[in-house]
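I have placed the structure first, in the form of structure tokens, so that the comments after it can refer back to it.
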Amino acid sequence: MRGRVVVGWWLALCWLLLPLCVAAQTVRGASLTEDRVALVIGNAAYKHDPLDNPVNDARLIGSRLEQAGFKVTRGENLDRNGMATALSNFGATLNDNTVAVLYYAGHALQLRDQNYMIPIDAEIRSEDDVGMQGVDLTFILGRMSRAKSRVNVVILDACRDNPFAKRASGNSQGLAQMDAPIGTLLAYATAPGKQAPDGIGQRGNSIYTAELARHLLTPGLPVELMFKRVREAVVRESRQLQVPWEHSSLLGEFAFVPGLNESKESAEADGGGELALWNSVQGSTRADDFRAYLRQYPRGRFAEPARARIAALSVAAPSATASAGELMPRVGDTWRYRVTDQFRFGDLFVTARIDAVAPDSVAETWTTTVDAKVRTTRVSLKPGFNPLPDWGAAPPEFAPYLQAADLQGGLAAAVGTPRRAVDAVSIPLKAQWQADEDIVVAAGRFRARKLVLQGRSNGTRAGAPITTEHRVWYAPDVRRIVRYEVLSHAGRSLREATVFELTEYKLQ
């Protein structure tokens, strides 16, 4: 009887402690697979001025999205009630783990800087009819924002020759430029304020949609680079008459098809596409427009003028002699890295975002183009390696926020002798700070502090000693690593050759 009481007591204790165990696991790190949903609408059968391609375009993109793992809801030739119902039902499916895509092909127009999708039963004779009979795009953008979907992609192949715009007096051509809500990418078939013809294209599809369908399933291709390739192709095919445009406020990585991107970005570089994009933004007074150019062409011909314009239009970045408060990461800080590895894959992209800050650590969310998972982890400010949960595609980072910890304990604080396993052999590493130097990465030029860690195994692998070297560049302006190199050998055989390079960042 006493034994049963003891067993029962232990079971009750375990049940009470279970939430604490789960919480501890959450702090250490976790990964979660995203939900993918899409709404695809093609409107062509207008009472007046019908279109040729939208239904075909919607069917093509819908099939591509299904191949990419999306649950697709389709709508063809919808009247206003049908569009409102479809958008409302779609918005109800969104949550904070959703990747949501809205694709619309058909007539659309702008009025007072708002964009309206036009149902097939619209009878627009004046400006007053636009708001009454059109469907305001801000409705679904608001639903996406309130749902806090992880990734939202809104694609508008709707900048076609538009008879409704001519009837609404005072209405501008094309669509209005809109700011994308946080976590959203807005993609236009042509630049804001411009129009594109409906009839140009092959096999019953618009040029834009045909090129979008061609590139959408490229494994491991970040969504921004995917749209860059679409733009280059459309500019080429239209002889620069049509220049697609995007505005992004994405906070993490996303590829329509997760995987390893074995093709280099420069492989499909097209000077005409870059020039057309630069011509469309160079007169802008918005820093985000120049950031959009740099996301697409971080080493482009106009990269330096773009950075100069961003500096002139933005609040100045912290200086090289940053204070302790400036070196500490802040909630919302975001960094994007290109990761290259000689053995495991071609290029992939990873994004780290700060979710919470404590005196001795930070909570991060990681996303990557190599899979469809969202990873959360807690990173110490102290020296040490920080492996991600359920991640083995690249070596772990070394103390990405070490400069903040250094300042708290003095800049001369010793890193100590951290250890890292290479080929299952634990190796102690000796650290040495080197002189400050200027370093150029895709995100820009920075004054950085360089740390070199070197180690050699006491044990061997197949009779060969293992040596490893890690080089880390910390830049106060960035509050994090700007470049990280890992090189390991087993005897004369190269075992690791990985580089993390900062391509973009946003500080709060």
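General remarks:
- Condition check for THR85 on (1) closer than 23 Å to ASP129 by Cβ; (2) in contact with a Phe, Trp or Tyr (Cβ under 8 Å, 6 or more places away or on another chain); (3) among the β-branched types (Val, Ile, Thr): one failure, at (2).
- Look at the stretch 215-230: where a residue is more than 13 Å from PHE349 (Cβ to Cβ) and a partner is open to solvent by 10 Å² or more (accessible area, probe 1.4 Å) and charged (D, E, K, R), sitting 6+ places away or on another chain with Cβ atoms under 7 Å, you get HIS215/ARG229; LEU216/ARG64; LEU217/ARG64; PHE227/GLU246; ARG229/GLU268; VAL230/GLU211.
- Of all residues making up the stretch 488-508, the number that are surrounded by 17 or more Cβ atoms within 10 Å (Cβ to Cβ) and over 24 Å from the mean Cα position of the chain (by Cα): 5
- If you go through the stretch 210-224 and keep only what is open to solvent by 10 Å² or more (accessible area, probe 1.4 Å) and more than 23 Å from PRO54 (Cβ to Cβ), you end up with THR218, PRO219, GLU224.
- The stretch 424-480: number of residues that are part of a strand (DSSP E or B), open to solvent by less than 70 Å² (accessible area, probe 1.4 Å) and under 30 Å from GLY300 (Cβ atoms): 14
- Cβ-Cβ under 6 Å pairs, at least 6 apart or on other chains, the stretch 348-366 side at pLDDT 90 or above, far side open to solvent by less than 30 Å² (accessible area, probe 1.4 Å) and charged (D, E, K, R): THR351/GLU253; THR351/ARG336; ALA352/GLU364; ILE354/ASP333; TRP366/ARG375
- Members of the stretch 109-123 that are more than 18 Å from ALA180 (Cα to Cα), aliphatic (A, V, I, L, M) and at pLDDT below 90: ALA122
- Filtered residue count, the stretch 238-297, keeping only those that are part of a loop (DSSP other than H, G, I, E, B), polar (S, T, N, Q) and at pLDDT 75 or above: 7
Conditions (1) small (Gly, Ala, Ser); (2) open to solvent by 40 Å² or more (accessible area, probe 1.4 Å); (3) over 22 Å from the mean Cα position of the chain (by Cα), marked per residue:
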| residue | (1), (2), (3) |
| --- | --- |
| ASN56 | no, yes, yes |
| ALA68 | yes, no, no |
| GLU123 | no, yes, yes |
| ILE140 | no, no, no |
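- Condition met for GLN195 (within 28 Å of VAL99 (Cα to Cα), modelled with pLDDT under 90 and open to solvent by 10 Å² or more (accessible area, probe 1.4 Å)): no
- Residue in the stretch 78-88 that is open to solvent by 20 Å² or more (accessible area, probe 1.4 Å), in a strand (DSSP E or B) and modelled with pLDDT of 95 or more present: no
- Filtered by the rule that a residue be exposed (fewer than 14 other Cβ atoms within 10 Å of the Cβ) and either at pLDDT 70 or above or among the basic types (Lys, Arg) (or both), the stretch 305-331 gives ALA308, ALA312, ARG330, VAL331.
- Residue match in the stretch 451-465 (condition: in contact (Cβ under 8 Å) with a residue 40 or more places away in the chain and either closer than 22 Å to THR340 by Cα or among the polar types (S, T, N, Q) (or both)): yes
The values are calculated or read from the model by the stated rules, or taken from the named source; none is laboratory data. Predicted model, so just to flag it, every value in this text is computed and none were measured. Cβ atoms come from the backbone with ideal geometry, glycine included; neighbour counts cover every protein chain shown. Accessible surface is based on the protein model in full, side chains and every heavy atom, while ligands, DNA and RNA are left aside. Shrake-Rupley method; radii C 1.70, N 1.55, O 1.52, S 1.80 Å.
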